[in-house]
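Down below is the structure, laid out as structure tokens.
What follows draws every value from the coordinates through simple rules; no lab data is involved. The structure displayed is predicted, hence computed values, not measured ones. Methodologically, a virtual Cβ is constructed for each residue, glycine included, from the backbone with ideal geometry; neighbour enumeration extends over all protein chains shown.
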Amino acid sequence: MTLERLVQTDLGIGIGLRTSHYPHILEHWPELDWFEILSENFMCTGGRPMSVLDQVAERYPVVMHGVSLNIGSVDPLDRDYLVQLRALRERCGARIVSDHVCWTGVDGTNLHDLMPLPYTQEALALLAARIGQVQDTLEAPLVLENPSTYVEFTHSAMTEWEFLAAMTRESGCGLLLDINNVFVSCTNHGWDPHAYLAGIPWDRVVYFHLAGHTRFETHLLDTHSAPVCDEVWELYAEAHQRSGGRSTLLEWDADIPSFAEVRAEAWKAKAWRGDRDRGQPQGEPLRA
Amino acid sequence: MPEPSLAALQRWMSLVVRHPEDPNAASHTEAARALIERGQVLNGDVVRPSPQQQPLQRLGVYHGGYLARLIEVLEHDYSALRYALGDDAWRALATDYVLRHPSQHPNLNGFGHRLPAFVASQDLPDGAFLAELARLQWAVTEAFDAPEFEPLDVQSLATLSEGQWADLVLHTNPSLRLLAFDYPTNGFLQAFFDGEQPKPPKPHTIFVSVYRKEGRVWRTKLPEPAFRILAALHSGEPFGKALDAGGEHEEDITTWFQEWSADGVFRAQ
């Protein structure tokens with residue numbers, strides 16, 4: 001599957017596959033366009049999670065979303081991790097493999113957080129080279145997400161959206177545009193979210209993320225613990241217009257309500273994107 | 001002032017985020033200053049201040065998240081241990097563990113694997129019991145995450161002769177954990193899961209098997225002879241020799257074997 005095909009494939013509206021929803025899903029096989037899984041939750045485990053994933057993958061399109069690729073680190077890429085990632089993709093027939101524009105550890109220590117990169121030529125060159133290695137291993141395009149950030153580096157030489165555009169251009173990777181992260185980072189750093197969206201390379205955007213956040217006195221925190229706020233929905237509508245429509249995923253990872261409530265929140269996206277009748281999801285699994 | 005290289009910036013942030021106190025204290029340390037001078041940070045030459053936060057305060061968002069995230073992982077795996085210790089002692093223990101054993105794996109499933117030994121190394125009231133409780137809870141986590149397996153179809157053994165039985169080597173399923181305890185740890189854990197408020201028990205030797213069956217993890221208390229036989233089978237001893245490990249209880253072996261087979265304790269070869 002080429003990046004162009006990924007961009008053109010609108011899977012519809014999905015939600016993250018979460019443990020607390022397993023009983024409901026396995027009993028009802030509810031109506032939903034697709035599921036996104038957290039890749040690491042299904043690596044190094046062979047128990048019930050894999051059994052559930054096998055059953056889900058038989059019935060719904062699945063997208064893999066990781067948090068530990070460590071693509072922006074100066075450490076060498078973890079070959080074992082890449083092999084496991086590829087094996088998982090083959091097992092569940094994932095349509096897309098995504099992670100984040102960030103680093104998660106250095107010198108062998110994993111911080112288990114999406115650490116921010118300075119937007120410099122040095123970081124860009126490192127990312128482009130490593131994305132190439134990952135795509136060679138996966139034999140598929142890698143899709144990377146803009147993270148929420150809480151610091152801005154003084155020596156950054158370009159804006160975040162300029163950096164993302166350059167990254168996709170130089171590496172050939174796709175972009176997962178998290179609309180909530182756009183809003184959180186723009187608020188935290190005083191950026192203009194409309195300028196951000198205007199600078200996005202839309203022909204590289206494969207899918208959207210939506211989520212809720214928590215407002216603190218000094219900053220917004222990307223907690224995935226609340227409904228999507230109105231400002232984010234409005235940015236989503238703008239992104240939908242600019243892109244012409246992309247697969248959309250709602251994330252809810254803390255204080256998770258019932259499956260029905262999460263799905264209802266996700267389905268609000270239908271109204272914001274004009275409720276087009278798309279029929280069946282298109283495209284083929286990314287099987288090697 | 002030269003801008004930091006990407007490598008220096010990442011190593012410095014890693015130190016700052018993992019420091020036991022806060023980013024301000026971290027920025028004073030020799031290791032951090034060797035990478036980025038504190039003055040650079042305070043001047044905003046590394047992290048730009050926001051209208052609401054100075055650079056070190058902004059880094060505090062990542063610092064707070066690191067500890068909270070890893071302690072949350074431990075609390076998921078060791079809920080009963082947390083209860084038995086009490087919130088303050090648990091918080092202190094978990095914080096110390098996170099700082100001494102930074103995660104080195106992309107997957108957090110195994111992050112708590114050193115906690116039983118860590119608990120055993122601490123000078124805690126009821127420390128021996130608490131270390132056993134940690135071992136039992138970790139065995140449950142391991143059983144949950146163990147590789148998939150096909151249970152043995154015992155009908156396939158129906159035609160074996162007595163001699164073939166004696167030489168038979170059975171393979172236990174990869175989730176099986178066998179634990180001998182000096183305290184009734186399994187009863188304590190069950191009481192906790194049942195919503196009771198159990199107290200640390202008095203010593204009493206018990207033997208427990210932990211295994212996964214059809215996606216659920218089970219804990220079963222075993223008589224000592226059954227434990228010895230199953231442990232021998234688990235270590236790869238042939239059936240005849242494993243029976244010797246149980247002493248004079250051969251009359252019970254049929255019952256035990258039927259129970260183990262029904263529970264999928266053995267896997268297909």
Could you check the simple spin-label distance between residue B:21 and residue B:269, using points 7 Å along Cα→Cβ, in nm with one decimal? 6.3 nm
Between residue A:155 and residue A:231, what FRET efficiency comes out of the Förster formula 1/(1 + (r/R0)^6) with R0 = 22 Å and r the beta carbon distance, rounded to 0.05? 0.15
Quote the charge dipole size of the protein assembly as shown about the Cα centre in Debye, to the nearest 20; the model charges only the Cβ of Lys and Arg (+1) and of Asp and Glu (-1). 580 debye
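Let me have the 222 nm mean residue ellipticity of the protein assembly as shown computed from DSSP H runs of 4+ only, each contributing -39500 (n - 2.57), with the sum over all residues rounded to the nearest 500.
Counting only the DSSP helices, I get -14000 deg cm²/dmol.
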If we restrict to alpha carbons, what Rg and Dmax does the stretch A:39-129 come to, in Å? 14.7, 44
From the C-alpha gyration tensor of the stretch A:193-259, square roots of 5λ in Å: 23, 16, 9
Give the average over all directions of the projected area of the C-alpha convex hull of the stretch B:165-269, one decimal, in nm². 7.4 nm²
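Using only the Cα atoms, what convex hull volume per residue in Å³ does the stretch A:146-288 have?
Details: hull volume 19.9 nm³, N = 143.
Output value, Cα hull per residue: 139 Å³.
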Kindly give Rg over Rh for the stretch B:70-213, based on alpha-carbon atoms, with the Kirkwood expression for the hydrodynamic radius. 1.07
What percent antiparallel are the DSSP beta bridges of chain A, to the nearest 5? 15 percent
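Quote the FRET efficiency, to the nearest 0.05, computed for residue B:148 versus residue B:117 with a Förster distance R0 of 35 Å and r equal to the Cβ-Cβ distance.
On the way: r = 28 Å, r/R0 = 0.80.
Efficiency, rounded to the nearest 0.05: 0.80.
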Normalised by the number of residues in chain B, what is the relative contact order in percent for Cα pairs under 8 Å and 6+ residues apart? 15 percent
Using a Förster distance of 30 Å, the FRET efficiency for residue B:262-residue A:58 (Cβ separation, nearest 0.05): 0.55
At what distance in angstrom do the alpha carbon centres of the stretch A:248-263 and the stretch B:76-118 lie from each other? 28 Å
Order of B:159, B:255 - criterion: other Cβ atoms within 10 Å of each residue's Cβ, fewest first: B:159, B:255
Considering every pair of different Cα atoms, what Kirkwood radius, in Å, is found for chain B? 22.0 Å
Students often forget the sequence filter, so: which lysines lie under 24 Å Cα-Cα from residue B:221 once same-chain residues fewer than 8 apart are removed? B:199, B:202, B:213, B:241
Please list, or write none, the lysines whose alpha carbon is within less than 27 Å of the alpha carbon of residue A:270, excluding same-chain residues fewer than 8 places away. none
Loop GluC sites (Glu not before Pro), the stretch A:1-108, which have at most 10 other Cβ atoms in a 10 Å radius of their Cβ (DSSP): A:31
Tell me which GluC sites (Glu not before Pro) from the stretch A:176-269 have a DSSP coil assignment and no more than 11 other beta carbons within 10 Å of their own. A:217
Residues of the stretch A:232-270 with amide N under 17 Å of a point placed 7 Å along Cα→Cβ from residue A:31: A:259-270
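With a cut-off of 8 Å between alpha carbons and a minimum separation of six or more residues, what is the relative contact order of chain A in percent?
Normalised by residue count, the contact order of chain A is 22 percent.
Give me the dipole magnitude in Debye, nearest 20, for chain A about the Cα centre, with unit charges on the beta carbon: positive for Lys and Arg, negative for Asp and Glu.
Computed about the Cα centre, the dipole is about 740 debye.
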Return the loop-located GluC sites (Glu not before Pro) in the stretch B:192-269 (DSSP other than H, G, I, E, B) with at most 11 other Cβ atoms within 10 Å of their own Cβ; answer none if there are none. B:196, B:214, B:248
Taking only the alpha carbons of the protein assembly as shown, what extent do you get along each of the three principal axes, in Å, biggest first? 81, 59, 41
Whole-number value, in Å³ per residue, for the convex hull of the alpha carbons of chain A is 124 Å³
Once both labels are modelled 7 Å past Cα along the beta-carbon direction, what's the residue A:121-residue B:76 spacing in nm? 4.3 nm
